[in-house]
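Novice: Mind looking over this structure? Questions follow.
The values are calculated or read from the model by the stated rules, or taken from the named source; none is laboratory data. Owing to the predicted nature of the structure, the values given are computational and were not obtained by experimental measurement. Glycine also receives a Cβ, built like all others from the backbone with ideal geometry; neighbour counts cover every protein chain displayed.
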Amino acid sequence: MDFTRTEGIPIKIFNRSNYKWYILGLSILTYGIIAGAERMCIPVLFKEISTDLNLNLVSVGTIWGLDPLAGIFVGLPGGLLVDRFGIKRTLTAICILAGIFSALRGLSVNFAGMAVTSFLFGMTTAILPGIVPKTTSVWFKKRQLGFTNALIVIGPSIFAMAATQTSATVLSPLLGGWRNVLFVLSIPAFIIGVLWFFTSREPDKRDSEIRETVQVPFRQALSRVVHIKEIWIIALICLFSWGGIMGFTGYLPLYLRNIGWEPIEADSIMTAINGANLIGSIPMVLLASKFTGYKTMLFLSIAVTIIGTGLLIIVNDTAIWPLLIISNFIRSGGAAAGNVLIFETRGVGGTYGGTALGLVSSVGMAGAFLAPPIGNSFADISPSMPFLFWACFAALSLPLFIFLRKSKDLRTVPEVH
């Protein structure tokens, strides 16, 4: 058997042809545990946290927005780091730090403590969109990019389903409160960090059609990416669409509880939303790769998000379930489609993929930071009014598609010297 090695240590479990699937699985776990379980346990715990720390709705929205605020500062540097130092070392460090910062949130005794620790944890979650998808461009062939990115995107949905369904109604009573929930959910990140440490450093060249996966200097990567117009357009699209989605996600459980829903019902609908994203991701991305194209899929995803969020202001309780399940199923292909659009942009490819993803993430996180507290402030007018704000905010992204060229076949970047 042909062994894959890491730092001279033979790993006999996988041959070379299968090792890339182990890397993909590890990427899914990384994204799922940190951006899924450890991040998405917070919305369903907000009721308990706000009571314990004496927080109002704007304070809650601010804390939820501080998570993506960190992405403004670390998204681009994270992409530069992974393009310079490689996937293995970068993700090893991020997973360890994610475990530490996630646990620190459980030590908070007031708004300031929760805000600071949420910002620190947000540095690790916000950096992942600029790093994890690069594993697909490095390890897999062009025709597999859509499918593998869809698999990565479903990771957070799987773990978010478990977190939203159990964190407040099962784990908190079992473990003795929201603090212990955060401590326990922080443990898996450390384990994933150890697994990344023992992975091989480079893919087999036979497994990839994207030849240029060399590590490039910071200045070269940044100079290349910032001059690509399409990357800035995609970044602005993410700024508005991520803002709408982030605000909606953080506010919905609180909104449902405040209008009289039982906690288990409010948590269950969050689980159903993540389940719809999970089930829809692969078929919607396959639909894009075969028929509609990734640009059209991203546009459809955002448009459906706008409609689903906006209609919450007028629908009755019974209609909320089908509205959110259907809209989230249809929009589920958007994240993977956006990643593939970035990789397919001329001049990006595998070599500059991390930097391009990081730039898009930094800009997108600005919207995800601003929209939640602003939207929450509209609750003083009406409990459902924040949804209208977030729908309008996301709608600002749609005219930008006019300036985004139709995606072409993946272009390999010129040889790096």
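Novice: Is it true that A115 is touching a Leu at 6+ places or on another chain (Cβ under 9 Å) and either crowded, with 20+ Cβ neighbours inside 10 Å or under 23 Å from V194 (Cα atoms) (or both)? Write out each step before concluding.
Specialist: Values: touching a Leu at 6+ places or on another chain (Cβ under 9 Å): yes; either crowded, with 20+ Cβ neighbours inside 10 Å or under 23 Å from V194 (Cα atoms) (or both): no.
The answer is no for A115.
Novice: If I filter the range 198-213 for residues that are more than 24 Å from N18 (Cβ to Cβ) and at pLDDT 85 or above, do I get at least one hit?
Specialist: No.
Novice: If you don't mind, another one. Checking the condition in a helix (DSSP H, G or I) and free of Cβ contacts under 8 Å to residues at least 40 places away in the same chain, which residue from T318, T271 passes?
Specialist: Details: T271 fails: free of Cβ contacts under 8 Å to residues at least 40 places away in the same chain.
Result of the check over T318, T271: T318.
Novice: While we're on this one: Please tell me if I63 is over 17 Å from the mean Cα position of the chain (by Cα) and either farther than 30 Å from I231 by Cβ or assigned to a helix (DSSP H, G or I) (or both).
Specialist: Details: over 17 Å from the mean Cα position of the chain (by Cα): yes; either farther than 30 Å from I231 by Cβ or assigned to a helix (DSSP H, G or I) (or both): yes.
Judged against the criteria, I63 is a match.
Novice: In addition: Which number in (1) modelled with pLDDT under 90; (2) under 20 Å from L388 (Cβ atoms); (3) buried (at least 24 other Cβ atoms within 10 Å of the Cβ) marks the one condition that D317 misses?
Specialist: The failed condition is (3).
Novice: Do we find that I313 is in a loop (DSSP other than H, G, I, E, B) and in contact (Cβ under 8 Å) with a residue 60 or more places away in the chain in this structure? Before the answer, list the steps.
Specialist: On the way: in a loop (DSSP other than H, G, I, E, B): yes; in contact (Cβ under 8 Å) with a residue 60 or more places away in the chain: yes.
Against the criterion (in a loop (DSSP other than H, G, I, E, B) and in contact (Cβ under 8 Å) with a residue 60 or more places away in the chain), I313 qualifies.
Novice: Another question, if that's okay. Cβ-Cβ distance below 9 Å, separation of 6 or more or different chains: which pairs start in the range 142-167 with a residue that is under 15 Å from E38 (Cβ atoms) and end on one that is among the aromatic types (F, W, Y) and at pLDDT 85 or above?
Specialist: Qualifying pairs under 9 Å: G155/Y31; P156/Y31; F159/Y31; S167/W178.
Novice: Can you find, within the range 57-103, the residue that is surrounded by the fewest Cβ atoms within 10 Å (Cβ to Cβ) among those that are of a type in the set (G, A, S) and touching a Gly at 6+ places or on another chain (Cβ under 6 Å)? Step through it out loud before you land on a result.
Specialist: Taking the range 57-103 and keeping what is of a type in the set (G, A, S), we get 59, 61, 65, 70-71, 75, 78-79, 86, 93, 98-99, 102-103.
Filter once more, so that each one left must be touching a Gly at 6+ places or on another chain (Cβ under 6 Å): 70, 75, 78-79.
On the way: A70: 22, G75: 29, G78: 27, G79: 30.
Among residues in the range 57-103 that are of a type in the set (G, A, S) and touching a Gly at 6+ places or on another chain (Cβ under 6 Å), the one surrounded by the fewest Cβ atoms within 10 Å (Cβ to Cβ) is A70.
Novice: Quick check: anything in the range 133-154 part of a helix (DSSP H, G or I) and closer than 20 Å to F369 by Cα?
Specialist: Of the residues in the range 133-154, the ones part of a helix (DSSP H, G or I) are 134-139, 142-154.
Now narrow it down to the ones that are closer than 20 Å to F369 by Cα: none.
Looking for residues that are part of a helix (DSSP H, G or I) and closer than 20 Å to F369 by Cα, one finds none in the range 133-154, hence no.
Novice: Suppose we keep only residues that are out of contact with any Phe, Trp or Tyr (no Cβ under 6 Å at 6 or more places or on another chain) and under 17 Å from E38 (Cβ atoms) within the range 129-139. Which one would you say is modelled with the lowest pLDDT?
Specialist: Residues of the range 129-139 out of contact with any Phe, Trp or Tyr (no Cβ under 6 Å at 6 or more places or on another chain): 129-131, 133-136, 138-139.
Checking which are under 17 Å from E38 (Cβ atoms) leaves us with 129, 131.
Working: P129: 75, I131: 78.
Applying the filter and picking the extreme gives P129.
Novice: Across the range 247-268, which residue is surrounded by the fewest Cβ atoms within 10 Å (Cβ to Cβ) among those that are assigned to a helix (DSSP H, G or I) and touching an Asp or Glu at 6+ places or on another chain (Cβ under 8 Å)? Can you show your working first?
Specialist: Just the residues of the range 247-268 that are assigned to a helix (DSSP H, G or I), to begin with: 247-258, 263-268.
Imposing the further condition that a residue be touching an Asp or Glu at 6+ places or on another chain (Cβ under 8 Å) reduces the set to 253, 256.
Values: P253: 23, L256: 21.
Out of the qualifying residues, it is L256.
Novice: To continue, here is another question. I'd like the residue in the range 331-383 that is within 27 Å of A272 (Cβ to Cβ) and outside any helix (DSSP H, G or I) and, out of all such residues, is farthest from the chain's Cα centre (by Cα).
Specialist: S382
Novice: With of a type in the set (G, A, S) and over 30 Å from N258 (Cβ atoms) as the only criterion, which of A303, A276, A336 stands out? If you could, list the steps in order and put the result at the bottom.
Specialist: Working: A303 fails: over 30 Å from N258 (Cβ atoms); A276 fails: over 30 Å from N258 (Cβ atoms).
Result: A336 is the single residue among A303, A276, A336 that is of a type in the set (G, A, S) and over 30 Å from N258 (Cβ atoms).
Novice: Also, I was wondering about something else. Inside the range 326-358, can you point out the residues that are modelled with pLDDT of 85 or more and more than 18 Å from I152 (Cα to Cα)?
Specialist: I326, S327
Novice: Looking at (1) over 24 Å from D83 (Cβ atoms); (2) part of a loop (DSSP other than H, G, I, E, B), which one does K290 not meet, given that it meets all the others?
Specialist: Failing condition for K290: (2).
Novice: Just wondering, is there one or more residues in the range 168-191 that are at pLDDT 75 or above, in a helix (DSSP H, G or I) and among the hydroxyl-bearing types (S, T, Y)? Explain how you work it out, then say what you get.
Specialist: Pass one, the range 168-191, residues at pLDDT 75 or above: 168-191.
Still in the list and also in a helix (DSSP H, G or I): 168-175, 178-185, 187-191.
Still in the list and also among the hydroxyl-bearing types (S, T, Y): 169, 172.
Checking the range 168-191: at least one residue is at pLDDT 75 or above, in a helix (DSSP H, G or I) and among the hydroxyl-bearing types (S, T, Y).
Novice: While we're here: Being crowded, with 24+ Cβ neighbours inside 10 Å, over 15 Å from A150 (Cβ atoms) and in contact with an Asp or Glu (Cβ under 6 Å, 6 or more places away or on another chain): is that true of G364 here? Show your work before the answer.
Specialist: Values: crowded, with 24+ Cβ neighbours inside 10 Å: yes; over 15 Å from A150 (Cβ atoms): yes; in contact with an Asp or Glu (Cβ under 6 Å, 6 or more places away or on another chain): no.
In short, no.
Novice: What number goes with the only condition from (1) touching a Ser or Thr at 6+ places or on another chain (Cβ under 6 Å); (2) modelled with pLDDT of 75 or more that L76 does not pass?
Specialist: The failed condition is (2).
Novice: Just the residues that are more than 14 Å from S241 (Cα to Cα) and among the hydrophobic types (A, V, I, L, M, F, W, C), please, taken from the range 337-367. Break it down into steps so the answer makes sense when it comes.
Specialist: Looking only at the range 337-367, we keep the residues that are more than 14 Å from S241 (Cα to Cα), and these are 339-359.
Those that are more than 14 Å from S241 (Cα to Cα) and among the hydrophobic types (A, V, I, L, M, F, W, C): V340, L341, I342, F343, V348, A356, L357, L359.
Novice: A further question on this structure: Among the residues in the range 223-232, are any within 30 Å of I282 (Cα to Cα), at pLDDT 85 or above and among the acidic types (D, E)? Full working, then the answer.
Specialist: Within the range 223-232, the subset within 30 Å of I282 (Cα to Cα) is 225, 228-232.
From the residues that got through so far, the ones that are at pLDDT 85 or above too are 228-232.
Imposing the further condition that a residue be among the acidic types (D, E) reduces the set to 230.
Checked against the condition, which is being within 30 Å of I282 (Cα to Cα), at pLDDT 85 or above and among the acidic types (D, E), the range 223-232 yields at least one hit.
Novice: Further question on the same structure: If G260 meets every condition in (1) at pLDDT 80 or above; (2) at negative phi apart from one, which number is that one?
Specialist: (2)
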